[in-house]
Structure formats: C-alpha cells, structure tokens
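The structure under discussion appears below in the form of structure tokens.
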Amino acid sequence: MQVLPSHTQRQLVSGRIGWGWRQATYPISVNFIFAGLAILAIAIARLLTKGELELLAITSMVLVCGLIIGIYTAKSVVEVCRQNSNYLFSRSQLLGIATYWLVLIAVLGGSPENSKLFVAIWWVLPAAIFTGIAASLSLQSSRFKSTTDRKQPPEKFNAESLNVVTYSDRTVLVSPSAIGQQPRQFNSLVLIVFGLFCWTMLDLSSNLRAIAAIVLTASGLTGFFTWQAQLHSPEKILQIKFAGLWGIAAEYLIDITSFSMLSIVKLQEAGGELSWMQLTGNNRDITIPLVMTNLPSPAEKDVDRNDQLDKTLRDEFHLAKQETERDSLGLANVLLPQGAGILAGTAFILVGILLLLIFSLPSKLTSESAIAWLGVCLVSPAIARFFLQLVAPNSLQSDRPQPNSRLHSWEIGSAMLLVSAFLSSQSMGKVLSLGVLQQSLPLINLICGWLCISVGICLLAFVRRTPLWHNN
C-alpha cells in the first residue's frame, strides 16, 4: 500500500501527503532509544556477570555494526513518515532478519550454558539498530527544522485530524495524519521485539514470562498497521485498505452506487456517546469500521471538521447527511456482531492465560520454543478471521487478492508449529510412545496458551477494523 499515486499521469491537486512527519519522528525516536538502551543494558549486564573479556570484544564489534545498520535504516523510516505509508521491509532486510533468526535457532539448539551468553550477544545487534535509528532520526529532524524559514509562524498540528489528498483524476485519499499514524506503527514494531526479548532474556518464572512474551508480541502485531480510504469518484468506488503483518492486512471494495445516504447513528441509551457511521441504501446498510470513525467530538475547538471522513465521503459521492438515534434493538445488527467478537476475543485471552498459568511449560529456553513463538504469530491472524466470521457472519470479507502460487503466512506458521512439536521429542524413533508424548507436553501447552491469547487479541483488533453489512 503506497501513498504515492499509482499512475504517473496523476497530479497532486490539493492536500499534503505526510504533513506532520517531522513531529511524528520525535515519539518514534524516543521509543526506539528507550527500547535500544533497555535491551542493551540487560544484555551487557548478563555478559559482565560472566567476566569474559573475549565476549565483550565481540559485543563491541556487534554494537558498532548495529549502529551503522540503524543509521542507514533510519532513511527508510523518514521516507515512510514523509509519504505516510506503511513500512515495507526490503528484500535485503528480510534476508538479514531471516538469517539472524536462524542464528538464534542454531544457538538455542546447542549447550544451555553457552546459549545464554550467545543469546545476550545476539540481542546487542537489534538494540544497537534501535539506538542508531533513534540517533539518526533526531539528527535528520533537527537538520530539517534548521533549514526551514524561522520567520514563518509555527504550524499547529492535531494528531487526530485526517489527511485528505486530492489528485487530478478525481481520486481522493483519506488517511490519518503522519503524526497520528506513524508513531503507532513503529512503536508496535518495538512491542514485537520486546515480546521475543521477554521470552529469551528475562529471569522470571516460565509462566509469567510466557504470558508477557505473547501479550507484547500480539499487541505489537495487531498495532503494526496503517489505514487509508481511497475514494474513486468517477467509478463510485470506496476502497478501504488496512496494512499489516502476517494476515493482518485487509482490503475492501465498496460500490457506492447502491447507497444514497451517509448516516451517523448514535446509541440512545448511552446518551449519544457511542456512534457509528453507516452507508445507507434502499435495501442495505454498511457500517464503516470503528477505527476509522472514532474521531474527536465536534465540541473540541482545535479540530477542523472540514477534513473529517464523513464530510469527504458526502462531498465526493454526493451522499445525503442523516443523524439518527436508535436504541439497542435498532442497533442489534451492529451491537450483536461486535459484542460477539469482543466476547469471543476475551474468552480466548482468558483461556490462554489459564493454560499458561496452570499447566507445566518448558523450564529452559530451546530452539523449539523460539520456532513456536514465530509460528503462533503467523497462524493466529488467520484463525482469528475464521472465528470472527463464525460469530459475526455479517462481517465483510477482504477483497485482497491471494495469488495461488504464493504460500500463505498461516501455512508457513502451521508448518513451523509442527516442526517445533516434532523437535521437542529427543527420541526420533519412538514418536508415538507415551514417554515422548509426556516429554512434548510442556511445549504443546505453551503453543496452545500462546495461540489462545494471540487469537483473542487479533479478534479484538479485527472487530474494530471490519465493515459490517445488513440487509434492510
């Protein structure tokens, strides 16, 4: 998903693509520097307790390499903020991450005594990359500020205001501003890294460590996304895009020709505090996702209501405006599926926490558990979408094309979970014996608990990002 126009002939008419991008880099750099220094301090503290000078020399070399990589990577972070697009990992970045991940798997498969030291060194590189990105972002932002005209009055930015860009082919792009969207995207990346860090480095009980690891990871996974709405006025098409990792992404194409009105529906029992935006037609309604419509109240003086989603939709598609209040019975087609999704997500999370608290888990860090961690991340979004369709059948299904020649993330994740469960048995010739089953039981408990929590968190995220349809 790119913010730049897909056609070279298309010209920018009005609006700015990534206004507030420099302000967005401040919270990003703060979170990166906090994460980098925290991981670095814990990793070096573990190395110092062993007193191995050779390891400290290797650590210094890894630290320098990480800082260089971070400074180079910061350029792409700045470009993403300036374009207000989702972060796409390049081929070289994916190859480097995969190679580094395989190094961790190989280290964990060796001696437990040596693996702790090597894992500490392993974490120095991502910590240094975070630190290098933070330092480079701060320098580039301050350099840009010094080159601007200081005589101009400072611009006032509201992170909640939407970014509306119009092109010459009558295509309008609506998205959150860079200052409202980009920090969330990159801070979620930090949470994903912290999830694995908790599992591999923290000296807590295996139960608490497993819960913290998957909660941080799944929260970061569902938060690593951007959204935008492209309004194709001549074709009367509303294209809603949600970007994300490993099955979080979704795309919806809505034909506006069958809708004549844009309704703001408020729940009467809640005093109008809860509201939904709906496209209303003669025989069908579509509720726009909550994550797009939870906007500031009109009573806030600093919010410019001219750039909000409802006005843009009405102007571009010539829709009538309607504001109504309904009770719970009148909003059953919205409240029931959203309530069922929230209830199902909460139930999955509670079951997962109970599994991780009650049953035995692997006491030592192994390569199998690291493989299982990644496998759960790849599988859980697909499982969550399946259960969302069960409890909320009126949820729109994504129109994102899935090439037949490409492996899906859930297929790769399922294979990784099977491999981790198979590798947990020491005797490969007695896979079906009872002793091997008991030996693999802690890892199976870990996988089941992680899956339940991750699926629950993904369900809660999808409830807010999925349009609902209703036939009148």
Condition met for N394 (at pLDDT 85 or above and either of a type in the set (V, I, T) or over 25 Å from A340 (Cβ atoms) (or both)): no
Single condition L279 does not satisfy, out of (1) crowded, with 19+ Cβ neighbours inside 10 Å; (2) outside any strand (DSSP E or B); (3) modelled with pLDDT of 90 or more: (2)
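Conditions tested, residue by residue: (1) modelled with pLDDT under 90; (2) assigned to a helix (DSSP H, G or I).
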| residue | (1), (2) |
| --- | --- |
| L4 | yes, no |
| F34 | no, yes |
| I58 | yes, yes |
| L67 | no, yes |
| I71 | no, yes |
| S85 | yes, no |
| I105 | yes, yes |
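Name the residue that is modelled with the highest pLDDT, counting only residues in the stretch 397-434 that are among the basic types (K, R) and either more than 30 Å from N445 (Cβ to Cβ) or assigned to a helix (DSSP H, G or I) (or both). First the steps, then the outcome.
Start the filter on the stretch 397-434 by keeping residues that are among the basic types (K, R), which leaves 400, 406, 430.
Next cut, either more than 30 Å from N445 (Cβ to Cβ) or assigned to a helix (DSSP H, G or I) (or both) only: 400, 406.
Details: R400: 76, R406: 73.
Once the filter is applied, the top-ranked residue is R400.
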Any pair with Cβ under 7 angstrom, 6 or more apart, that starts in the stretch 18-36 at a residue that is touching a residue at least 40 places away in the same chain (Cβ under 8 Å) and ends at one that is among the charged types (D, E, K, R): G18/R82; W21/R82; R22/K145
The lone exception for E251 - which of (1) surrounded by 17 or more Cβ atoms within 10 Å (Cβ to Cβ); (2) touching a Lys or Arg at 6+ places or on another chain (Cβ under 7 Å) it fails: (1)
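Given L343, L355, which one is surrounded by fewer than 19 Cβ atoms within 10 Å (Cβ to Cβ) and either in a helix (DSSP H, G or I) or of a type in the set (G, A, S) (or both)?
Values: L355 fails: surrounded by fewer than 19 Cβ atoms within 10 Å (Cβ to Cβ).
Matching residue, one of L343, L355: L343.
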Among residues of the stretch 201-221, those that are out of contact with any Leu (no Cβ under 8 Å at 6 or more places or on another chain) and over 26 Å from A45 (Cα atoms), counted: 1
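Out of the stretch 354-413, which residues are acidic (D, E) and closer than 19 Å to L196 by Cα?
Here is the first cut: in the stretch 354-413, the residues acidic (D, E) are 368, 399, 411.
Result: E368, single match.
Can you say whether Q9 is at pLDDT below 90, open to solvent by 40 Å² or more (accessible area, probe 1.4 Å) and under 19 Å from F186 (Cα atoms), as far as the supplied structure shows?
Values: at pLDDT below 90: yes; open to solvent by 40 Å² or more (accessible area, probe 1.4 Å): yes; under 19 Å from F186 (Cα atoms): no.
No, not satisfied.
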Residues being modelled with pLDDT under 90, closer than 27 Å to V379 by Cα and in a loop (DSSP other than H, G, I, E, B) - total across the stretch 225-248: 3
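The values are calculated or read from the model by the stated rules, or taken from the named source; none is laboratory data. Bear in mind that the values here come from a model prediction, so they are computed numbers and not experimental data. When we count neighbours, we look across all protein chains shown, and the Cβ atoms used for this are built from the backbone with ideal geometry, even at glycine. The accessibility values were calculated without ligands, DNA or RNA, using every heavy atom of the protein model including side chains. Shrake-Rupley method; radii C 1.70, N 1.55, O 1.52, S 1.80 Å.
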